[in-house]
Every structure is written in C-alpha cells, then in structure tokens.
Amino acid sequence: MHIATPAAVELEVPTVKVGRWNDQNDVLAAQQNQLQNQPDDEAKDHFIERNGVEFAGTHLLLDLYGADHLDDIARIEQAMRDIVSACGATLLHIHLHHFSPSGGVSGVAVLSESHISVHTWPERDYAAFDVFMCGDAQPENAVPVLKRAFFPHRIEVCEELRGRVAK
C-alpha cells in the first residue's frame with residue numbers, strides 16, 4: 001500500500017470524468033453551478049435549474065482506487081462530516097457499520113438535501129461513495145475532501161442529474 005503526503009496527492013491524483021461530469025482540473029467553484037429561476041420560498045420544492053435543465057438534484061458516483069485508511073471508521077465519519085460542510089448541506093444523521101474480518105465500512109449520512117453513502121473494501125484499496133444532493137448544495141465539492149482524506153491514486157466520477165423535468 002502506497003502512502004502519500006496530502007500535498008503530493010492534491011497535485012498528482014488524476015480524476016477520471018465519466019458520463020456527464022464536466023468540470024476541469026477539479027476547480028469546483030460555486031459559479032459553475034449557479035442556480036436560476038428558483039420558485040418562491042413558500043412553493044419551493046428544491047428542484048433546481050442549471051444550464052436550462054430543471055432537475056431534482058445531482059448524484060455523484062465516486063470510485064476511489066488505491067485509497068488508504070478505508071478501515072478507519074472515525075476517518076470515514078469525519079470525511080462525511082467534512083463533505084457535508086464543503087457542499088453546504090445539512091446533516092441529519094450518520095450511521096456506519098464496521099465489518100469483520102476485512103475491516104470494510106458501509107454506511108450513510110442522511111441529509112436534509114438527500115444523502116451520502118459509502119462502501120469500502122480495504123483489502124482492495126477501493127471505496128465507493130455516492131453523494132446525492134438537491135437544492136443549493138454543491139456535491140462536486142466532495143471530490144477534494146475525499147482526496148485529502150483517503151489519498152487515492154485515482155478517482156472516477158460519474159454525474160447524474162436526477163429527476164429531470166421534461167419541457
């Protein structure tokens with residue numbers, strides 16, 4: 001298992017963009033996801049409109065390869081809390097389960113805006129994270145948090161816009 005320093009990982013970790021993922025160089029700025037045409041607060045259902053597409057929320061599927069600390073339940077919980085903060089979401093509850101003998105962890109953070117889930121295979125240095133958020137939350141900000149927490153050699157990201165509204 002290769003252990004890298006956080007600074008080296010931030011500069012060297014490739015992120016493979018799969019599907020409709022279209023950010024560049026992990027510049028995950030809020031202006032890329034500016035929200036338009038919000039309904040009035042009393043009628044707000046948290047659907048958003050971006051680039052002319054109205055949808056319920058953004059669902060990121062993140063595969064971490066060559067990652068470290070995937071059996072460390074405290075680190076995984078802290079990473080989930082850091083993702084919530086970085087994305088501007090609201091945490092309701094976290095539940096994590098530590099498996100034996102492999103040491104893998106599965107769990108979910110339930111958010112007002114939706115959820116974050118995780119499943120790890122430390123024996124394969126692999127983790128699968130789902131980050132689904134609606135409203136003003138910015139789930140793409142989870143990517144640098146995961147890089148800092150688990151030092152993966154590679155991250156693959158697939159973005160789905162859930163609940164697209166036909167016009």
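The values are calculated or read from the model by the stated rules, or taken from the named source; none is laboratory data. As the structure is a prediction and not an experimental result, all values here were calculated from the model. When we count neighbours, we look across all protein chains shown, and the Cβ atoms used for this are built from the backbone with ideal geometry, even at glycine.
Structural remarks
- Extreme residue, nearest to the chain's Cα centre (by Cα), among residues of region 125-153 that are of a type in the set (Gly, Ala, Ser) and under 21 Å from Ser106 (Cβ atoms): Ala142
- Restricting region 115-144 to residues that are acidic (Asp, Glu) and over 22 Å from Gly163 (Cβ atoms), the residue that is modelled with the lowest pLDDT is Glu123.
- Of everything listed in (1) modelled with pLDDT under 95; (2) touching a strand residue (DSSP E or B) at 6+ places or on another chain (Cβ under 7 Å), the single unmet condition for Ala166 is (2).
- Failed item in (1) in a strand (DSSP E or B); (2) at pLDDT below 95, with Ala109 passing the rest: (2)
- Enumeration of residues in region 62-106 that are assigned to a strand (DSSP E or B), touching a Leu at 6+ places or on another chain (Cβ under 7 Å) and among the acidic types (Asp, Glu): none
- Checklist (1) assigned to a strand (DSSP E or B); (2) modelled with pLDDT under 95 applied to His59, failing item: (2)
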